[in-house]
1. Distance in nm between label sites at Ala117 and Thr104, each 7 Å beyond Cα in the beta-carbon direction?
2. Over region 50-119, what percent of the accessible surface lies on carbon and sulfur atoms, probe 1.4 Å?
3. At 0.36 nm per residue, minus the direct Cα-Cα distance, what do Gln63 and Val130 gain on full extension? Give it in nm, one decimal, please.
Amino acid sequence: MTRRVLTILLVLAALGLGAAACGGDDNGEADAPAANGGSGQTLQIAADPNGALAYDTTELTAQAGEVTIELTNESSMPHDVVLEGVEGAATEVISQDTASFTVTLEPGTYTFFCSVAGHRAAGMEGTLTVE
């Protein structure tokens, strides 16, 4: 009887861990209102696919409020996007992947850049204007 109860408890624990692992992530990509015209918006930026130290744009514009910035980096050269002066506004450093962050922004001008050593100095930066 004890062995049977232990087996049932182990099965229930395994099911609980499996359900927790299948839950949504917390990186802002699972909540799609920004991409669907909800209260927020998604801005996309890509690193040069050939590995050059450049983004595909140096100017972004958004409305005040919730903003998601999504970085696509198809190259093997690592890059990220950091929004200067805004806590929590940075993607992971990635290569051959995508990453994003979501923040709430007030109107103003913000600088975004790649924080990988030497990349910003080489020109990987731009301006985000929030209206």
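The values are calculated or read from the model by the stated rules, or taken from the named source; none is laboratory data. Worth saying up front: this structure is predicted, and the values here are computed from it rather than measured. With ideal geometry, Cβ positions are generated from the backbone for all residues, glycine too; neighbour counts draw on all protein chains shown. Calculation scope for accessible area: heavy atoms of the full protein, side chains included, ligands and nucleic acids excluded. Shrake-Rupley method; radii C 1.70, N 1.55, O 1.52, S 1.80 Å.
1. Result: 3.8 nm between the two label points.
2. Its accessible area is 43 percent carbon and sulfur atoms.
3. Working it through step by step, the gained length comes to 23.6 nm.
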